[in-house]
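What follows is calculated from the coordinates using simple rules that are stated; it is not laboratory data. Please read these numbers as outputs of a predicted model, since none were measured by experiment. Here the Cβ positions follow ideal geometry from the backbone for every residue, glycine too, while neighbour counts run over all protein chains shown.
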Amino acid sequence: MSSGTLLYRLFSRSSLVANGLLVLALLAWWATASTLPERIFPSIGTIALTLLDFAQDPEFWWNAAVTFSRIVIAIVAATLVGGLIGIMPRYWPSTGGIVDNILVPFFSSFPGLAWAILGTVWFGVTTQAVIIVQFFIVLPFALVNVAEGAKAIGVEEVEMGRSFTRNRFSTFWRIELPLLSPFFMSAITISYGVCWKISLIAELFGARSGIGYMMQHAQDVGQTERILALCIAIVIFVIIGQRFILQPLSRLIVKGESSGTAGGNG
C-alpha cells in the first residue's frame, strides 16, 4: 500500500466523519462516567482493564468456547433444515403454498423471546434448550434466503446439466447447489451475527454456562463493568468471525462458482 493511498484513507471525508463520531462518543462516555458512580456507569479505563482480565481468565475463554460451539451447531442445523425446506417447492411444487404462505410468515414473525421462554419450559436449563432456541430464531434466515435462491435458478442451466447426465442428484450437486451457495452463505453470515446476540437471551433463560450466564452472574452481583466488557467481547468475536472466517469463505465460494461458470461456458 502506497503512502498516498494510506493518507487518502486516513483523511478522506468519510474517514474523518467516522473518526470524528468515534471521538465524540468517547468524549461523551468520559463525561457521563465522570458524573455518575463507577458501579452505575464505569469509565472506559475500567472496562478496558476488565477486558484484559478476561483475556487472562481461563473461565472466560471456556464460557466463550461453549457459547461459540452452541452457535455453530445452531447455525449448521438451521441452515441445513431451512435450506431443505426452502428448495422443496422447486422439486415438489405442491409444497410452494405451505412454504411461502405458512412456514415463512410463521417463523419470520414468531417472537424470539417466546422461543427462549418455551425452550426453558420444554427442555429446562440445559444446553439443548439453548441450541434449540437459537435454531428456531435463525431458521427463517436460511429458509427465506434459500427459497428465494431456488426461485432465481434459471431453467437453462439445469437443462444444460441434464443434457450431460440424467442423474438428478448429479445435476443438483454440480449445477444447482453451486448456484444456491451464495444464498446459503448469505444466510450463514446473517445468522452468525444474530446468533451471538440471541445467545445471550437463550443462555440467560436456560443455561449454566456461556457468556450469557456470565452476564447474568455479573448482573446479580452488580458488576456493570463486566456486563459492558462482555458486550464488547461479543462485538470483537463477531467482527473476527466475519472478517477471518466468513468473508474468506464467501470469496472462496464466489471464486469457485465463477470457475464453474467459466468451465461450463467453455
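Couple of notes before you dig in:
- Once both labels are positioned 7 Å from their Cα atoms along Cα-to-Cβ, the gap between THR95 and SER170 label points is 2.5 nm.
- ARG226, ARG90 arranged by Cβ crowding within 10 Å, fewest neighbours leading: ARG90, ARG226
- ALA31-LYS151 pseudo-label distance in nm [points 7 Å out on the Cα-to-Cβ vector]: 4.9 nm
- Using alpha-carbon coordinates, inclination of helix 211-220 to the longest axis of the chain, degrees: 30 degrees
- Taking 0.36 nm per residue of separation and subtracting the Cα-Cα distance, full extension of the segment from GLN128 to PHE110 would add 4.5 nm.
- For the pair the stretch 89-131 and the stretch 27-54, the centres of their Cα atoms are 40 angstrom apart.
- Net +/- balance of residues flanking VAL130 in space, Cβ distance below 9 Å, scoring K and R +1, D and E -1: 0
- Relative contact order computed over the chain (Cα-Cα under 8 Å; 6+ residues apart), in percent: 24 percent
- Degrees separating the helix 58-91 axis from the principal Cα axis of the chain, which is the longest one: 30 degrees
- Environment charge at GLY83 (Cβ cut-off 15 Å; Lys +1, Arg +1, Asp -1, Glu -1): 0
- Rounded to the nearest 10 degrees, the inclination of helix 127-152 to the longest alpha-carbon principal axis of the chain is 40 degrees.
- Counting every pair of alpha carbons in the chain, the share spaced more than 26 Å apart comes to 57 percent.
- Ordering of 53-61, 97-105, 130-138 by packing [mean C-beta count within 10 Å, highest first]: 130-138, 97-105, 53-61
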